[in-house]
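The values are calculated or read from the model by the stated rules, or taken from the named source; none is laboratory data. In this text the structure is predicted, and so the values were computed from the model without any measurement. Methodologically, a virtual Cβ is constructed for each residue, glycine included, from the backbone with ideal geometry; neighbour enumeration extends over all protein chains shown. For the accessible areas, the whole protein counts, side chains as well, though only heavy atoms, and no ligand, DNA or RNA atoms are used. Shrake-Rupley method; radii C 1.70, N 1.55, O 1.52, S 1.80 Å.
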Amino acid sequence: MAKNKSILIYAFSVFVCIVVLAVGFFAATGGDEPFYAPADGNLYLRARVVSINDTVSEYDDEGKVLSSDTFFEAEIRSGDRKGEKVTAIQNYSSYTPFNPRAVEVGDSVIVAHFEGVENWNFIDFVRSDAIVVLALLFALLLVLFGRKKGIKTVLSLALTIIAVVFVFMPAVLTGGNVYFWAVAVCVYIIVMTLVITNGISPMSLAAASGCVGGVLASLLLTFITDAFINITGNADPHSIYLIYIGDGLDLRALIYASIIIGSVGAVMDVAVDISASLKELAIKLGKPTMGELFRSGLNIGRDVIGTMSNTLVLAYMGGSMCSLLLYFYNNWANAVYLFNIEIIIVEMLKILVGSIGILLTLPLTALVSAWLYSSRPMKDYISKDCEISSDEFSEQLYKVGEFKGNKDNSCDD
């Protein structure tokens, strides 16, 4: 009976998370389509190369190929014209620094038919299939190693991606307040992830409190730094084009939103590590004091902050490696200028604000966890976290206070 009740509560929690996501989408878009670029009449379709018809090349005096056109027949594999065979052209030019390899029979490609042009043109090779296979492999490994927790993780990850792509991005493109929607989406991701993966429990409450506190602290820090750091928002080669969307997007706000959203994963890792560790410690101690748990939480936090900060440093530097290499190559002799270039400053800002958010998450999570786990008997919390009956509970504890039973007192998800 208790198990069925727990299943119903969990299913209802997942349903609420999905409903909140749908409400967020309509609030972000007003029920209308987001402000995306209008369709231009061009047609992009998947196709499979059936045969190579001919190749026409132009050579220089030394016999080197300057340009060539490869004509091939392809079968459309998507859209209304699926099954139709068309003749497409792949262009090669020696003046272009990057040219894809020549098409071969059996290749999956993207072909386009531009408005007002008779021929079909080769655009690129289909790469998304490999990504789908990797994503399925990732999900499979999560389920194999994590079992029920792995399934929950896959669900929470899917909802996280949907929240960013179908709530945050449309909200920004339709002129919404970037700061508000960044925080709202982060809070949703935190609460949804913890509820789905760990259920409604004191551990989830403690971790969520620390995460939300860390996110709000990061937001406050972004407002403070914005007052004197003097950035324009032009932090990458493509950001300039965003000012031409609608009435122009707030590029500075987007930078700070990327900092908050980019660090929320590491913040959740730290908060869950501390909350879960203190729960297990409280089980072992039986009746710990709030001070004991709080000090233990800080000690645990000191052990994880190094790796979490490295996670942010490597993630942000890896994502901008090409730009960083170019700027360092061109400006290494001018250190004063190099370390004041906006893109360099923004990367430093992402690392520092995200790391400070992690640091502030540590004491808050430890404090809330210590208060929760010391304010009531651990029996109440363990039975909720592990979703077991009171009869099973005594078998899950190992010499905790007056309870004696099985040595395995952990929760197996």
Identity of the residue in the stretch 283-305, small (Gly, Ala, Ser) and closer than 23 Å to Met268 by Cβ, that ends up modelled with the lowest pLDDT: Gly301
Can you confirm whether Leu298 is part of a helix (DSSP H, G or I), over 30 Å from Leu173 (Cβ atoms) and in contact with a Phe, Trp or Tyr (Cβ under 9 Å, 6 or more places away or on another chain)? no
Cβ-Cβ under 6 Å pairs, at least 6 apart or on other chains, the stretch 282-296 side without any contact (Cβ under 8 Å) to a residue 60 or more places away in the chain and farther than 19 Å from Ala207 by Cα, far side surrounded by fewer than 15 Cβ atoms within 10 Å (Cβ to Cβ) and of a type in the set (Val, Ile, Thr): none
Filtering the stretch 167-201 down to residues that are farther than 23 Å from Ile9 by Cα and of a type in the set (Phe, Trp, Tyr), which residue is least open to solvent (accessible area, probe 1.4 Å)? Phe168
Cross-chain or 6+ apart pairs with Cβ under 8 Å, the stretch 116-127 first and closer than 17 Å to Val50 by Cα, then open to solvent by 80 Å² or more (accessible area, probe 1.4 Å): Asn121/Asn91; Phe122/Asn91; Ile123/Tyr44; Val126/Arg46
Which of the residues belonging to the stretch 118-166 are open to solvent by less than 60 Å² (accessible area, probe 1.4 Å) and assigned to a loop (DSSP other than H, G, I, E, B)? Val126
Of those in the stretch 35-66 that are modelled with pLDDT of 90 or more and of a type in the set (S, T, N, Q), the residue most open to solvent (accessible area, probe 1.4 Å) is Asn53
The correct count of residues that are at pLDDT below 85 and not charged (D, E, K, R) in the stretch 15-34 is 5
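Yes/no matrix, rows are residues, columns are (1) within 23 Å of Ile229 (Cβ to Cβ); (2) of a type in the set (A, V, I, L, M, F, W, C):
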{"site": "Ala271", "(1), (2)": "no, yes"}
{"site": "Leu285", "(1), (2)": "no, yes"}
{"site": "Thr289", "(1), (2)": "no, no"}
{"site": "Ile300", "(1), (2)": "no, yes"}
{"site": "Phe328", "(1), (2)": "yes, yes"}
{"site": "Ile344", "(1), (2)": "yes, yes"}
{"site": "Ile351", "(1), (2)": "yes, yes"}
{"site": "Thr365", "(1), (2)": "no, no"}
